Amino acid sequence: MRSLFTMDFKDYDSGWQRSARPSARGIIVCGAAKTAPDTAALPCREPLFRPEDSISLVYAAKLGYYKFPGGGIHAGEDKECVLAREIREETGLAVIPQSVREYGVAQRYQKSALFPDTIFEQDSFYYICDVERNGAGLAVGGQQLDDYENEEGFALCVVPIRDAIRANRRYAESDSSRAIMIARDTRVLEMLCGMPSEPPRCFARYLLEEGAARNPGPWREHSIAVAEAAEKVARALGKNAAACGHASAGTALDPGCAYVYGLLHDIGRREGHTYLAHVYDGYHFLLSFGYKNAARICLTHSFNLQTTDDYIGKHDITDAQFEELKTLLAAASFDDYDRLIQLLDSTCGADGTKNMELRMGDVKSRYGYYPQGKWDKNLELKASLEALLGCSLYDVI
C-alpha cells in the first residue's frame with residue numbers, strides 16, 4: 001500500500017526496541033448517494049473529492065471531533081476483516097466486501113507512552129469502501145461500542161468533508177493520544193479533498209508541551225502569549241471589517257490559524273537552547289508533518305526584512321544549512337500571518353510583557369544591539385495593523 005505521510009516525533013533513540021500496533025480505517029463513500037470514486041485514480045495524489053462532498057465518519061458527539069471508523073489489528077488478523085468489524089461496531093454499517101480498495105497508509109513513530117526505552121510504531125491502513133443500503137438510504141444496524149467510545153458519544157454522521165476538517169482544527173481539549181489521532185485523520189481528510197494541511201489546535205498544543213518537556217524554558221510562555229495575542233487580533237480584525245461593511249486586506253485572518261501559528265513559531269526550540277538553529281529546526285520539523293504554512297511561519301518569524309543579515313543571535317547551523325535557509329527565505333511569500341507573528345514575536349514577552357518598544361529594548365540590552373531596519377519595520381507593521389484595527393494594538397491584546 002502506498003505511503004500517505006509519516007508522523008515522526010523524533011523523541012526516541014534509534015537503538016531502542018520497538019512496539020507495533022497497526023490499525024485499519026474506513027473511508028466510507030455514502031454521502032448524497034455518491035458512489036466510490038474511480039479506483040484508477042487511487043494510486044495518484046490528486047484529490048478524490050471536493051471539500052463540500054460528504055462521507056460517513058464517526059462523530060464524538062460529547063467532545064466535538066470527527067474520526068474515521070476503524071481500530072487495531074491483532075497478530076494474525078486480516079486487515080480487511082478488521083476493517084469490516086470495526087466499521088460495524090463503531091457505526092452499525094455493513095461493508096460491501098467487493099467495494100474495498102486501498103487508499104494508503106499513514107505511519108507513526110514515537111516514544112512509547114507505555115514501555116520505557118521503546119519506540120511505538122503504528123501503520124494506519126486506510127481503505128475506500130461502500131456499505132449496504134436499503135430503501136431509506138444507509139442500512140444502519142446497532143453499534144457495539146466499548147466504554148471509552150460510549151463516554152465520548154460515538155455516533156455515525158454523514159458530513160461534508162470541509163465541516164469535519166473545520167471542527168477538528170478547532171478542537172482544543174485533548175490528551176496526547178486523542179490529539180495525535182485527530183491530527184492524523186484530519187490530514188487524511190485534507191488529502192482527500194485537496195485542502196492544505198494545518199495543525200489542529202489540540203495537536204499544536206501537544207507539540208508545544210512535548211517540546212517544552214524536552215527543553216524547558218520561557219519560550220513556552222512566550223509562544224502561548226504570541227498565540228493568544230494573534231487570535232485576539234484576528235478576531236478584532238474580523239469584527240472591525242464587519243462593522244465597516246468591508247473585508248479589506250489584512251482583515252480575513254482565521255483566528256484558529258493565527259493561534260496555531262503563534263503557538264508553533266518557536267517549536268524549533270524543542271531541540272535545545274539554540275539561536276538561528278531554532279528557525280531551521282522548526283521549519284523542517286513542521287514540514288515533516290506536512291504543515292507547509294506553519295513551517296513557513298517558523299522560517300519567517302525572525303526576519304521581518306526577509307533577509308538573514310538582521311538576525312539577532314548566533315549562527316549555530318552549518319554553512320550548508322545557512323545557505324538553504326537563505327534560499328528558502330528569499331523564495332518565501334510573506335502574507336498577513338507572517339507579518340502578524342513577526343510583529344507579535346517582537347511584542348509579547350514570556351513574562352507577560354505586551355509592549356513592542358519595551359520588548360525590543362530588552363532584546364537590545366541582552367544582545368548589545370538591535371538592527372535599526374528591523375526596529376523600524378516593526379513600528380511600520382504596528383502602525384499598519386492599528387490602522388486596520390481602528391485602535392491601539394495594546395487595547396486588543
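The values are calculated or read from the model by the stated rules, or taken from the named source; none is laboratory data. What you are looking at is a predicted structure, and each value in this text was computed from that prediction instead of being measured. Heads up, the Cβs are rebuilt from the backbone with ideal geometry, glycines too, and the neighbour counts pull from every protein chain shown. Just so you know, the surface numbers come from the protein's heavy atoms only, side chains and all, with ligands and any DNA or RNA stripped out. Shrake-Rupley method; radii C 1.70, N 1.55, O 1.52, S 1.80 Å.
In a residue-by-residue description of the range 177-191, the property of being open to solvent by less than 70 Å² (accessible area, probe 1.4 Å), farther than 16 Å from Y65 by Cβ and either at pLDDT 95 or above or part of a helix (DSSP H, G or I) (or both) applies to at least one position.
Among the residues of the range 149-176, the one identified as among the acidic types (D, E) and either closer than 16 Å to V260 by Cβ or buried (at least 22 other Cβ atoms within 10 Å of the Cβ) (or both) is E173. Just give me the residues in the range 69-84 being surrounded by fewer than 17 Cβ atoms within 10 Å (Cβ to Cβ) and either under 26 Å from the mean Cα position of the chain (by Cα) or of a type in the set (G, A, S) (or both), in sequence order. If the condition is that a residue be surrounded by fewer than 17 Cβ atoms within 10 Å (Cβ to Cβ) and either under 26 Å from the mean Cα position of the chain (by Cα) or of a type in the set (G, A, S) (or both), then G72, A75, G76 are the ones that fit. Considering the range 347-372, and only residues there that are assigned to a helix (DSSP H, G or I) and in contact with a helix residue (DSSP H, G or I) (Cβ under 8 Å, 6 or more places away or on another chain), the residue that is surrounded by the fewest Cβ atoms within 10 Å (Cβ to Cβ) turns out to be M360. Please go through the range 85-114 and pick out each residue that is open to solvent by 40 Å² or more (accessible area, probe 1.4 Å) and over 26 Å from the mean Cα position of the chain (by Cα). Passing the criteria: R85, R88, E89, I96, P97, Q98, R101. Residues that are assigned to a loop (DSSP other than H, G, I, E, B) and either touching a helix residue (DSSP H, G or I) at 6+ places or on another chain (Cβ under 9 Å) or open to solvent by 60 Å² or more (accessible area, probe 1.4 Å) (or both) do not occur anywhere in the range 319-330. Scanning the range 192-230 for residues that are in a helix (DSSP H, G or I) and closer than 30 Å to F49 by Cβ gives L192, C193, R201, C202, F203, A204, R205, Y206, L207.
All of I317, I397, I297 fail the test of being of a type in the set (V, I, T) and touching a residue at least 60 places away in the same chain (Cβ under 8 Å), apart from I397. Checked against (1) under 20 Å from A294 (Cβ atoms); (2) open to solvent by 60 Å² or more (accessible area, probe 1.4 Å), G135 meets all criteria but (1). Taking V260 as the residue in question, decide whether it is in contact with a Ser or Thr (Cβ under 6 Å, 6 or more places away or on another chain), open to solvent by less than 30 Å² (accessible area, probe 1.4 Å), of a type in the set (A, V, I, L, M) and at pLDDT 95 or above. No, not satisfied.
Here the range 373-390 is the region considered, the condition is being open to solvent by 40 Å² or more (accessible area, probe 1.4 Å) and in contact (Cβ under 8 Å) with a residue 60 or more places away in the chain, and the residue that is farthest from D336 (Cα to Cα) is G390. Looking at I128, is it closer than 21 Å to E89 by Cα, open to solvent by less than 50 Å² (accessible area, probe 1.4 Å) and part of a helix (DSSP H, G or I)? Spelling it out, it is not the case that I128 is closer than 21 Å to E89 by Cα, open to solvent by less than 50 Å² (accessible area, probe 1.4 Å) and part of a helix (DSSP H, G or I). As a summary of the residue check, L305 satisfies the conditions (1) out of contact with any Phe, Trp or Tyr (no Cβ under 9 Å at 6 or more places or on another chain); (2) in contact (Cβ under 8 Å) with a residue 40 or more places away in the chain; (3) closer than 22 Å to A213 by Cα except for the one numbered (3). Scanning the range 301-315 for residues that are open to solvent by 60 Å² or more (accessible area, probe 1.4 Å) and either assigned to a loop (DSSP other than H, G, I, E, B) or among the small types (G, A, S) (or both) yields a total of 4.
Taking the criterion of being surrounded by 17 or more Cβ atoms within 10 Å (Cβ to Cβ) and not in a loop (DSSP other than H, G, I, E, B), would at least one residue in the range 141-148 satisfy it? No, the range 141-148 contains no residue that is surrounded by 17 or more Cβ atoms within 10 Å (Cβ to Cβ) and not in a loop (DSSP other than H, G, I, E, B).
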